[in-house]
Amino acid sequence: MDVATIRTVRGACPHDCPDTCALRVSVEGGRAVRVQGDPDHPPTAGVLCTKVSRYTERTYHPERLLHPLRRVGRKGEGRFERISWDEALACVAARLKAIAAREPQAIVPYSYAGTMGLLQGEAMAGRFFNRLGASRLDRTICASAGGEALAATYGGKVGMHVRFFAQSKLIVIWGSNSVASNLHLWTLAQQAKRDGAKLWCIDPRRTETADKCHRHLAIRPGTDGALALALMHELVAHGWIDHDYVDRHVDGVDKLVERARAWPPERAAAVCGVPADDIRELARDYGTTKPAAIRLNYGMQRVAGGGNAVRLVALLPCLVGAWRHPAGGLLLSSSGWFAPYRDDAALQRPDLLETVYGPAGRGCRPRTVNMSTIGDALLHPGGGAFGPRVEALVVYNSNPVAVAPESRKVAAGFARDDLFTVVLEQFATDTVDFADIVLPATTQLEHLDVHTSYGHTDVLLNEPAIEPLGEAKPNTQIFRELAARMGFDDRCFADDDETLLRQALKGVDLAALRERGWASLPLPDAPFANGGFPTASGKAIVDAPGLGVPDLVPNHECAETAPALAARYPLAMISPPARHFLNSTFVNVKSLRSIEGEPLLEIHPDDAMSRGIASGTAVRVFNDRGTYRCRAEVTTRARPGVVVGLGIWWRKFAADATNVNELTSQRLTDLGRAPTFYDCLVEVERDASAA
């Protein structure tokens with residue numbers, strides 16, 4: 001490698017991770033040869049996770065989709081023939097035109113966070129589907145329960161600045177395996193630990209993060225609300241409440257105190273499955289240590305009562321006045337800080353709906369389909385409140401056949417012969433196998449984009465480092481060309497990516513952003529030291545309109561709410577991502593898949609012994625929704641009564657073409673209409689068919 005001929009291009013990691021790292025891409029002779037973290041960007045500090053550090057392997061993967069494809073086999077077989085872009089676009093436009101002429105709501109877009117970029121995410125795609133009049137997609141699959149809970153409590157998805165965790169004296173890592181999924185937060189926590197901070201981890205699984213914390217509470221899935229209420233009980237009982245802060249900056253606290261009095265540690269211990277003395281110790285640490293910080297993550301809100309649980313945890317730093325300190329408070333998401341600086345309406349143009357449905361405020365609007373219940377939606381015959389049957393699906397930035405719950409139904413829906421499916425993709429995912437037309441999309445190294453974050457408060461620019469490989473095109477370009485084929489002559493469809501970039505942000509100096517690669521939002525160090533929450537009153541809210549005072553909401557599937565079901569399926573299953581995957585991304589990168597080995601189910605030795613299971617045993621994991629076959633790993637990482645199905649493997653890499661989502665439910669959370677992935681009862685037995 002000739003250093004003299006190498007140029008460096010500034011970029012940003014596009015993946016669904018709170019770190020949103022700034023990248024430096026080394027390019028030699030038109031080829032990207034290395035991807036590194038930007039050492040000048042404070043949150044990144046020159047460090048990347050194992051996954052993204054191997055990004056060139058992903059970009060130049062021999063199985064990249066580089067040409068448009070048309071299905072020639074049965075749906076699900078993954079058999080295609082190469083066609084031209086002209087043929088592909090003509091086919092897609094003809095089918096969508098015919099459907100839209102009858103009922104545009106029969107067309108459904110399906111996308112999520114395959115890229116977090118503002119341009120390649122929902123910019124030109126949003127314009128296209130708004131102009132088409134297609135059904136809207138309720139994008140709930142990851143964070144909407146926690147997001148609505150934060151909005152109900154704080155007024156938005158806002159929190160403390162991640163950099164100040166390094167100065168905290170107590171850090172509670174709640175529902176987050178930060179070592180694997182929030183590496184840069186973990187670096188700051190380690191710095192605080194070296195300076196004397198105490199670290200607690202709250203997680204049903206003994207994660208790699210729990211290994212490195214001082215204390216670990218392995219609570220049962222879905223009992224976080226009970227633990228939060230018991231902590232409040234102790235804060236009240238021992239006088240650890242900051243009454244001055246509460247009186248001035250919290251609305252409705254008396255009702256919360258009344259509820260907390262009913263939750264002594266012994267009651268919560270019975271619900272959570274942990275010793276009462278451990279709850280007391282955590283409460284004492286939290287009530288007497290300043291500054292104290294909570295890193296809350298989205299895993300804990302993927303249960304029936306996830307929204308209420310987040311509301312309860314979010315009130316803890318208000319009760320002790322932790323917000324007075326820059327290194328105190330809570331961080332679940334920082335994405336709300338960007339709201340004044342993002343112009344999503346300019347990018348996605350919801351006003352284009354008027355072309356189909358009439359002037360704003362008049363006439364009807366397209367229905368909304370929840371992405372978390374896409375299995376039921378695709379199998380619905382149509383009619384009634386649901387509306388027309390889904391006739392066409394356009395998938396981009398997502399892999400629903402692998403990631404959506406109750407995947408037996410999802411796969412059956414995608415297998416419908418009368419469903420026209422278009423997939424924009426980089427690789428032959430499980431979803432691609434069911435496509436009628438596949439359109440090859442660029443990776444992050446090949447297109448322009450701009451990113452905000454949900455883990456820090458910097459805007460990042462991603463410049464294209466290399467030309468698109470093969471015939472791959474950015475999402476923006478694909479939807480421009482589709483719009484032209486559909487006859488959409490609105491001027492906004494002529495906007496190139498540079499124009500979209502200028503439209504995406506407000507109050508951000510683009511020239512400076514381009515020069516540096518990132519720009520920090522001008523925010524105070526301790527944003528809520530004197531209240532000022534983005535609620536109508538400026539106070540944190542306990543008794544939210546329409547929601548009331550938060551409380552424990554038990555799981556859909558547990559002994560308390562469904563005793564007969566729990567008798568048949570006595571094990572609770574959670575399904576966090578395997579360490580070297582990010583949801584279903586990176587599963588096809590051979591070096592990373594080799595590290596993970598094969599799909600595994602972690603099971604506690606007590607549960608394994610009673611079932612005659614040893615490490616390496618082929619097991620059948622099942623419930624009324626389906627069966628998943630994999631190998632067992634007998635380990636104390638799983639607590640008694642809980643099994644851990646590490647995901648999200650592509651179905652095609654499993655012997656029986658399933659993954660853990662064969663077992664998960666389409667039932668939704670209390671807030672946010674989100675999936676309950678970790679609210680799932682199963683049974684496990686030796687797999688006789690493997691023998």
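The residues of segment 238-271 that are small (Gly, Ala, Ser) and assigned to a loop (DSSP other than H, G, I, E, B), listed by number, are Gly239, Gly252, Ala262. The set of residues from segment 378-425 being assigned to a strand (DSSP E or B) and of a type in the set (Ser, Thr, Tyr) comprises Tyr396, Thr421.
For (1) among the aliphatic types (A, V, I, L, M); (2) out of contact with any Leu (no Cβ under 6 Å at 6 or more places or on another chain); (3) under 29 Å from Trp337 (Cα atoms); (4) touching a residue at least 60 places away in the same chain (Cβ under 8 Å), each residue gets a yes or a no:
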position	(1), (2), (3), (4)
Ser453	no, yes, yes, yes
Val459	yes, yes, yes, yes
Leu469	yes, no, no, yes
Met486	yes, yes, no, yes
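Among what's in segment 560-579 and is more than 14 Å from Val621 (Cβ to Cβ) and charged (D, E, K, R), pick the residue that is most open to solvent (accessible area, probe 1.4 Å). Here the answer is Glu560. Scanning segment 85-110 for residues that are open to solvent by less than 20 Å² (accessible area, probe 1.4 Å) and charged (D, E, K, R) yields no hits at all. Summed over segment 10-54, residues that are part of a loop (DSSP other than H, G, I, E, B) and among the β-branched types (Val, Ile, Thr) total 3.
Taking the criterion of being in a strand (DSSP E or B) and open to solvent by less than 10 Å² (accessible area, probe 1.4 Å), the only residue of segment 111-142 that qualifies is Ser111.
The rows are residues; the columns are (1) modelled with pLDDT of 95 or more; (2) touching a helix residue (DSSP H, G or I) at 6+ places or on another chain (Cβ under 9 Å); (3) closer than 21 Å to Ser591 by Cβ.
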{"residue": "Gly30", "(1), (2), (3)": "yes, no, no"}
{"residue": "Val33", "(1), (2), (3)": "yes, yes, yes"}
{"residue": "Asp38", "(1), (2), (3)": "yes, no, no"}
{"residue": "Pro42", "(1), (2), (3)": "yes, yes, no"}
{"residue": "Arg54", "(1), (2), (3)": "no, yes, yes"}
{"residue": "His61", "(1), (2), (3)": "no, yes, yes"}
{"residue": "Ile83", "(1), (2), (3)": "yes, yes, no"}
{"residue": "Ala100", "(1), (2), (3)": "yes, yes, no"}
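Check whether at least one residue in segment 647-656 is without any contact (Cβ under 8 Å) to a residue 40 or more places away in the chain and within 22 Å of Glu406 (Cβ to Cβ), and report yes or no. For segment 647-656, residues without any contact (Cβ under 8 Å) to a residue 40 or more places away in the chain and within 22 Å of Glu406 (Cβ to Cβ): present.
Only one entry of Pro340, Pro291, Pro275, Pro350 meets the criterion of being in contact (Cβ under 8 Å) with a residue 40 or more places away in the chain, more than 30 Å from Leu119 (Cα to Cα) and open to solvent by 10 Å² or more (accessible area, probe 1.4 Å), and that entry is Pro291. Listed by position, the strands (runs of 3 or more DSSP E) inside segment 159-222 whose residues that are in contact with a Phe, Trp or Tyr (Cβ under 9 Å, 6 or more places away or on another chain), crowded, with 22+ Cβ neighbours inside 10 Å and aliphatic (A, V, I, L, M) number at least 3 are 170-174. Among the residues making up segment 671-691, those that are surrounded by fewer than 24 Cβ atoms within 10 Å (Cβ to Cβ), part of a loop (DSSP other than H, G, I, E, B) and over 17 Å from the mean Cα position of the chain (by Cα) are Asp687, Ala688, Ser689, Ala690, Ala691. Applying the criterion of being outside any helix (DSSP H, G or I) and of a type in the set (Gly, Ala, Ser) to the residues of segment 317-356, the residue that is nearest to the chain's Cα centre (by Cα) is Ser333. Among the criteria (1) in contact with a helix residue (DSSP H, G or I) (Cβ under 7 Å, 6 or more places away or on another chain); (2) open to solvent by 20 Å² or more (accessible area, probe 1.4 Å); (3) closer than 18 Å to Gln120 by Cα, the one Leu424 does not fulfil is (2). When you scan segment 359-372, do you find a residue that is part of a helix (DSSP H, G or I), open to solvent by less than 60 Å² (accessible area, probe 1.4 Å), over 25 Å from Gly487 (Cα atoms) and in contact (Cβ under 8 Å) with a residue 12 or more places away in the chain, even just one? Within segment 359-372, one or more residues are part of a helix (DSSP H, G or I), open to solvent by less than 60 Å² (accessible area, probe 1.4 Å), over 25 Å from Gly487 (Cα atoms) and in contact (Cβ under 8 Å) with a residue 12 or more places away in the chain.
Which one of these is of a type in the set (Gly, Ala, Ser), within 25 Å of Thr452 (Cβ to Cβ), open to solvent by 30 Å² or more (accessible area, probe 1.4 Å) and part of a loop (DSSP other than H, G, I, E, B): Gly546, Gly532? Just one listed residue meets the conditions, Gly532. Taking first residues from segment 552-579 that are modelled with pLDDT of 95 or more and partners that are among the polar types (S, T, N, Q) and part of a strand (DSSP E or B), the Cβ contacts under 9 Å between residues at least 6 apart in sequence or on separate chains come to Glu557/Asn623; Leu565/Asn623; Arg568/Asn623; Tyr569/Asn623; Met573/Asn623. Of the residues examined, Val619 is not one that is among the hydrophobic types (A, V, I, L, M, F, W, C) and surrounded by fewer than 21 Cβ atoms within 10 Å (Cβ to Cβ).
Taken across segment 16-25, residues that are open to solvent by less than 60 Å² (accessible area, probe 1.4 Å), in contact with a helix residue (DSSP H, G or I) (Cβ under 9 Å, 6 or more places away or on another chain) and free of Cβ contacts under 8 Å to residues at least 40 places away in the same chain do not occur at all. The set of residues in segment 149-158 being open to solvent by 20 Å² or more (accessible area, probe 1.4 Å) and in contact with a Gly (Cβ under 6 Å, 6 or more places away or on another chain) consists of Lys157 alone.
Look at (1) touching a strand residue (DSSP E or B) at 6+ places or on another chain (Cβ under 7 Å); (2) in a loop (DSSP other than H, G, I, E, B); (3) surrounded by fewer than 19 Cβ atoms within 10 Å (Cβ to Cβ) and you find that Glu557 fails only one, number (3).
Residue-level check: of (1) under 30 Å from Ile603 (Cβ atoms); (2) among the hydroxyl-bearing types (Ser, Thr, Tyr); (3) in contact with a Lys or Arg (Cβ under 8 Å, 6 or more places away or on another chain), Tyr245 misses just (1). Looking across segment 599-616, just one residue is in a strand (DSSP E or B) and open to solvent by 30 Å² or more (accessible area, probe 1.4 Å), and that is Leu600.
The values are calculated or read from the model by the stated rules, or taken from the named source; none is laboratory data. What you see is a predicted model, and the numbers here were worked out from it, not measured in a lab. Note that each Cβ is placed from the backbone with ideal geometry, even for glycine, and that neighbours are counted across all protein chains shown. Ligands, DNA and RNA are stripped out before the accessible areas are found, and what is left, the full protein with its side chains, is counted by its heavy atoms. Shrake-Rupley method; radii C 1.70, N 1.55, O 1.52, S 1.80 Å.
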